[in-house]
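Shown next, in structure tokens, is the structure this report addresses.
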Amino acid sequence: MSDKKFDVTALGELLIDFTENGRSGQGNTLFEANPGGAPCNVLAMLQKLGRSCAFVGKVGEDMFGRLLRDAAAQAGICMDYLVFDRDARTTLAFVQTFPNGDRDFSFYRNPGADMMLTEEEVPAEVVENSRIFHFGTLSMTHEGVRRATVKAISHAKAGGALLSFDPNLRPPLWDSLDNAKAQIEYGLGQCDILKIADNELEFMTGKTDFDQGAAILRERHPNIKLFNVTAGAEGSYSYYEDKRVFVPACKLGGTIETTGAGDTFCASVLNFVLERGLEGLTEGDLTDMLRFANTAAYIVTTRKGAIRSMPERGEVEALLGR
């Protein structure tokens, strides 16, 4: 796969995260327009790690769409396959941050341009020419963009790419949680590499015990070669063949919000797979992978936004060397 044009291509949402940033002189809440969207967040971190990346998606032909294109391009991501929609506006998310860094989202997406991507707008040759194809479920909430996602997955498989999946469950964006569960199940059935959050694991299995939940999904979907669970401030787990590794989170203080942390973790894992592959991994390999991913994710929690907040490799390694 080393002769592929792109290391990673991702498809999905590209949006503005409006995050609280103090008060105006009149006492009004100020919001900062941070470029974001999980798939592009992943690519932004991969670019920091020296990987070639391309994004497939749609934004509105408006000021926010242009801002997003420029921010992602400045991050080094190939944006040649970004489509502009003249009718639908760029999706917006207003993020409420709680004292512990957790968040609540209010989306303006009815419709949003990201959900208007069509099958015809998926560049098959790009997806087929990638070592890894990454996707989530925000591109599966509505029928049209769902068909586009399924088409991209088909082309990724045809090109021999590894498939990476992050459910990234956002309940307000689904017409029903049963539909969300069905689409997550579909994604689980397609991927080689999974990053799933603790709440999503419980949502899919009803289990709060990570080992029990992972065992259920791994038995149901034996196609998943590398199964990773993020547990927020607790740390992360990796399941591979008969191995199970846990690494505690990096806790050095200074967390202000968690936006982009899971995406940073995911990107770090994909970089590890690009370096090491998926065959013959040891517990030591998995531990090193999680230590790097946890530390990179921690750094992002000390900053606002995502695409423009990804750490350099040297910053992560410096913390690991402490």
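The values are calculated or read from the model by the stated rules, or taken from the named source; none is laboratory data. These figures come from a predicted structure and were not determined experimentally. No Cβ is skipped: glycine too gets one built from the backbone with ideal geometry, and neighbour counts run over all protein chains shown.
In the range 49-69, the condition of being touching a residue at least 60 places away in the same chain (Cβ under 8 Å), under 30 Å from Gly314 (Cβ atoms) and assigned to a helix (DSSP H, G or I) is met by no residue. Of the residues making up the range 18-41, those that are part of a strand (DSSP E or B), free of Cβ contacts under 8 Å to residues at least 40 places away in the same chain and not β-branched (Val, Ile, Thr) number 4.
Checking each residue in the range 1-40 for being closer than 20 Å to Thr97 by Cβ, among the polar types (S, T, N, Q), at pLDDT below 95 and surrounded by fewer than 16 Cβ atoms within 10 Å (Cβ to Cβ) picks out Asn21, Thr29. Of the residues Leu217, Leu194, the single one that is on the phi < 0 side of the Ramachandran plot, part of a strand (DSSP E or B), surrounded by 17 or more Cβ atoms within 10 Å (Cβ to Cβ) and in contact (Cβ under 8 Å) with a residue 12 or more places away in the chain is Leu194. When restricted to residues that are more than 15 Å from Gly232 (Cβ to Cβ), within 20 Å of the chain's Cα centre (by Cα) and part of a helix (DSSP H, G or I), the range 250-287 contains 10.
Which of the residues spanning the range 295-307 are assigned to a helix (DSSP H, G or I) and either over 18 Å from Gly50 (Cβ atoms) or hydrophobic (A, V, I, L, M, F, W, C) (or both)? Residues satisfying the conditions are Ala296, Ala297, Tyr298, Ile299, Val300, Thr301, Ile307. Scanning the range 295-322 for residues that are crowded, with 20+ Cβ neighbours inside 10 Å, in contact with a Gly (Cβ under 7 Å, 6 or more places away or on another chain) and over 28 Å from Lys243 (Cβ atoms) yields Gly305, Ala306, Ile307, Ser309. Annotation note: Cβ proximity below 7 Å between a residue of the range 3-17 that is closer than 10 Å to Asp114 by Cα and a residue that is acidic (Asp, Glu) and assigned to a loop (DSSP other than H, G, I, E, B) (sequence gap 6+ or interchain) occurs for no pair. With a cut-off of at least 2 residues that are closer than 25 Å to Gly206 by Cα, name the strands (runs of 3 or more DSSP E) lying wholly within the range 88-186. Counting at least 2 such residues, we get 103-108, 162-165. Of the set (1) surrounded by 20 or more Cβ atoms within 10 Å (Cβ to Cβ); (2) under 23 Å from Glu241 (Cβ atoms), all apply to Gly189 but (1). Scanning the range 224-249 for residues that are closer than 17 Å to Cys191 by Cα and over 20 Å from the mean Cα position of the chain (by Cα) yields a total of 2. Test Leu163 against the criterion of being surrounded by 14 or more Cβ atoms within 10 Å (Cβ to Cβ) and among the aliphatic types (A, V, I, L, M), and give yes or no. It is true that Leu163 is surrounded by 14 or more Cβ atoms within 10 Å (Cβ to Cβ) and among the aliphatic types (A, V, I, L, M). The criterion of being farther than 30 Å from Asn21 by Cα and part of a strand (DSSP E or B) holds for Phe227. Checked against the criterion of being without any contact (Cβ under 8 Å) to a residue 40 or more places away in the chain and either crowded, with 19+ Cβ neighbours inside 10 Å or more than 22 Å from Gly50 (Cβ to Cβ) (or both), the candidates Phe292, Phe265 yield just one match: Phe292. Candidates Thr118, Thr97, Thr137: the one that is touching a residue at least 60 places away in the same chain (Cβ under 8 Å), of a type in the set (S, T, N, Q) and either farther than 15 Å from Phe6 by Cα or in contact with a helix residue (DSSP H, G or I) (Cβ under 6 Å, 6 or more places away or on another chain) (or both) is Thr97. In the range 99-109 there is at least one residue matching the filter, namely being out of contact with any Asp or Glu (no Cβ under 8 Å at 6 or more places or on another chain) and among the acidic types (Asp, Glu). For the range 197-214, filtering for residues that are in contact with a Leu (Cβ under 8 Å, 6 or more places away or on another chain), more than 19 Å from Asn168 (Cβ to Cβ) and not in a loop (DSSP other than H, G, I, E, B) leaves 0.
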